[in-house]
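Below is one structure, written out as structure tokens, with a few remarks after it.
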Amino acid sequence: MTRLTGHILTPEGFVEGTLAFDSAGRIAGLMGTPVPEDIVRASSEPLILPGFVDLHVHGGGGRDVMDGGDAAAVIARRHAAHGTTALLATTMTAPMADLEPAFEGLRAACARQRPGSARILGVHLEGPYINPGRLGAQPDFARPVALDELARLHALAPIRLVTLAPEVPGNMEAIGALVAAGYRVQIGHTAGSYDDGVQALGQGATGFTHLFNAMSGLHHRAPGMVGAALAKAQYAEIIPDLLHVHPGAIQVALRAIPCLYCVTDATAATGMPDGDYQLGRQTVTKCLGGVRLADGTLAGSTLTMDQALRNLVQVLGLELSESSRRVSTHAADHIGMADRGRLAPGAWGDVVVLDRELVLTAVYAQGERVELADAG
Ligand SMILES: [Zn+2]
């Protein structure tokens, strides 16, 4: 039985103690004495935190979810080497002729856990039901919600999140049906107004996709979709690579949105050298830590979740315990997975071990050790 000893972050705070996995990969035992966070940060004991949960991953290690085939397995391995123990494979705005093969590739990847890889919990469908005027880096295949398309795709691989623009005709009315069918709805790639956002939340939408990016901004007489999120949201994604959103704007969101959580929006270029990569049908270029279309539009990121954690603690100045909730717990909670994103008896053995500089020294996914040498 694997046992880990150090400063363990539990839902009640840090303890100095021991954590053990059972043979099924769940946390069987967790014992220790409470220890204040300032003592933890001053110590060189190993830091034992929940594995990271990333609900917005397009690619990594040179592969894109839209490639289909074995791409998801490569992506899950690459992100696990950066501490992500569970993720949602994220598809692009595309015709069904492209989405169906991508979902075929995800069917096997979602059905079972590969040892030493992140668990693929399902799919985040980022479009095609978005505003054609707010594509960001999405190609121009936007269209209104079609429940029959969703059902066909969901039969191949489970859709956990659907990003949509509520102001697109027909979409507002569809939110209730999507929620009733078991999908969680996020507002994103949207030119909608503040009122559209409040109405969509009232219809059952529960989150916002990469807050601030590809949505109408906040003006004090026209608070826009950003205003709706800051005023009303319980959950929202944010990309903390410090390129997509200014640190000051992240601080604003942290004060306003209780369960703001981090995503990478990572592309195939993650963990790879500078050069050209595919993002769905688009060619993107990685250079100076950013990924962009030829016109300069940011096109996803090369962020990894271990770097996201370091950015929250070392750049934004958040406590380690709060940072951990924002890279693990809130995301798991948003998709209703109470046995991930926290270290507690009975939860999955998804664990990261870090040194005092917050560099990974070990990762366990469902109790299995992950090979860190793969990390790029
Ligand atoms: Zn994305």
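Annotations for the structure displayed:
- Within the stretch 86-102, the residues that satisfy the criterion of being away from the ligand (no atom under 16 Å from the Cβ) and either over 19 Å from L178 (Cα atoms) or of a type in the set (K, R) (or both) are A86, P95, A97, E100, P101.
- Test: residue in the stretch 12-19 that is among the β-branched types (V, I, T), touching an Asp or Glu at 6+ places or on another chain (Cβ under 9 Å) and more than 16 Å from the ligand (Cβ to nearest atom): no
- Residue check for Q199: more than 19 Å from the chain's Cα centre (by Cα) and within 16 Å of the ligand (Cβ to nearest atom): no
Listed here are the residues, each with its yes/no results for (1) within 16 Å of the chain's Cα centre (by Cα); (2) without any contact (Cβ under 8 Å) to a residue 24 or more places away in the chain; (3) in a loop (DSSP other than H, G, I, E, B).
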position: M272; (1), (2), (3): no, no, yes
position: A294; (1), (2), (3): no, yes, yes
position: Q307; (1), (2), (3): yes, no, no
position: L318; (1), (2), (3): no, no, yes
position: S321; (1), (2), (3): no, no, no
position: A332; (1), (2), (3): yes, no, no
position: Y364; (1), (2), (3): no, no, no
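- Residue that is farthest from R77 (Cα to Cα), among those in the stretch 250-307 that are within 16 Å of the ligand (Cβ to nearest atom), out of contact with any strand residue (DSSP E or B) (no Cβ under 9 Å at 6 or more places or on another chain) and polar (S, T, N, Q): T297
- Qualifying residue in the stretch 158-167 (condition: within 17 Å of the chain's Cα centre (by Cα), surrounded by fewer than 20 Cβ atoms within 10 Å (Cβ to Cβ), at negative phi and modelled with pLDDT of 95 or more): yes
- As a summary of the residue check, G60 satisfies the conditions (1) under 30 Å from D274 (Cβ atoms); (2) over 27 Å from the mean Cα position of the chain (by Cα) except for the one numbered (2).
- Odd one out for A373 among (1) within 30 Å of Y183 (Cα to Cα); (2) part of a helix (DSSP H, G or I); (3) modelled with pLDDT under 95: (1)
- Some residue of the stretch 102-109 being surrounded by 21 or more Cβ atoms within 10 Å (Cβ to Cβ) and of a type in the set (D, E, K, R): no
- Which listed residue, of A72, A94, A28, is surrounded by 16 or more Cβ atoms within 10 Å (Cβ to Cβ) and in contact with an Asp or Glu (Cβ under 6 Å, 6 or more places away or on another chain): A28
- Breaking point among (1) out of contact with any Phe, Trp or Tyr (no Cβ under 8 Å at 6 or more places or on another chain); (2) in contact (Cβ under 8 Å) with a residue 40 or more places away in the chain, for A338: (2)
- When restricted to residues that are touching a strand residue (DSSP E or B) at 6+ places or on another chain (Cβ under 8 Å) and in a helix (DSSP H, G or I), the stretch 99-155 contains 9.
- Per the conditions (1) at pLDDT below 90; (2) buried (at least 23 other Cβ atoms within 10 Å of the Cβ), the sole criterion not satisfied by G296 is (2).
- The set of residues in the stretch 38-59 that are away from the ligand (no atom under 13 Å from the Cβ), under 30 Å from A338 (Cβ atoms) and either among the aliphatic types (A, V, I, L, M) or part of a strand (DSSP E or B) (or both) comprises I39, V40, L47, I48, L49, P50, F52, V53.
- Residue list for the stretch 202-224, filter: more than 16 Å from the ligand (Cβ to nearest atom), surrounded by fewer than 22 Cβ atoms within 10 Å (Cβ to Cβ) and touching a residue at least 24 places away in the same chain (Cβ under 8 Å): Q203, G204, T206, A222, P223, G224
The values are calculated or read from the model by the stated rules, or taken from the named source; none is laboratory data. Nothing here was measured: the structure is a model prediction, and the numbers come from that model. Backbone-built Cβ (ideal geometry, glycine too); neighbour counts: all protein chains shown.
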